[in-house]
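Engineer: Quick one: structure below, then a few questions.
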Amino acid sequence: MYNEPQQYKPQFGLDPKKSIISKKLKTKMRKQALKNYNKVIMQNLIIGGQKTRFKEGNTKTDKEKVSMLSQKRIA
């Protein structure tokens with residue numbers, strides 16, 4: 001139905017930049033992630049994300065591959 005997560009928010013009068021998750025749930029999920037730091041953070045983000053990190057001087061952002069909201073910000 002919606003291609004991008006941000007597409008449904010304006011339809012319901014929500015700010016596309018603000019989260020719809022409660023602070024209580026956000027805190028609970030943060031505690032769970034930190035409890036499993038070695039598996040969640042270290043393995044998935046720090047080690048696994050090395051190949052996808054921004055490299056200094058990169059000017060080849062493919063504007064067609066970013067979301068419509070981001071395209072408006074880039075332009």
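The values are calculated or read from the model by the stated rules, or taken from the named source; none is laboratory data. Note that this is a predicted model, so its numbers are computed, not measured. A quick note on method: Cβ atoms are made from the backbone with ideal geometry, for glycine too, and the neighbour counts reach across all protein chains shown.
Engineer: For region 4-48, what are the residues that are among the aliphatic types (A, V, I, L, M) and farther than 30 Å from Lys72 by Cβ? Don't jump to the end; show me each part of the working.
Structural biologist: Filtering region 4-48 for residues among the aliphatic types (A, V, I, L, M) gives 14, 20-21, 25, 29, 33-34, 40-42, 45-47.
Correct list: Ala33, Leu34, Val40, Ile41, Met42, Ile46, Ile47.
Engineer: To continue, here is another question. What number of residues within region 2-39 are at pLDDT below 80 and more than 20 Å from Ser70 (Cα to Cα)?
Structural biologist: Count: 0.
Engineer: Scan region 35-52 and report the pairs whose first residue is free of Cβ contacts under 8 Å to residues at least 12 places away in the same chain and whose second residue is surrounded by 10 or more Cβ atoms within 10 Å (Cβ to Cβ) and not aromatic (Phe, Trp, Tyr), with Cβ atoms within less than 6 Å and a gap of 6+ or a chain change.
Structural biologist: Val40/Ala33
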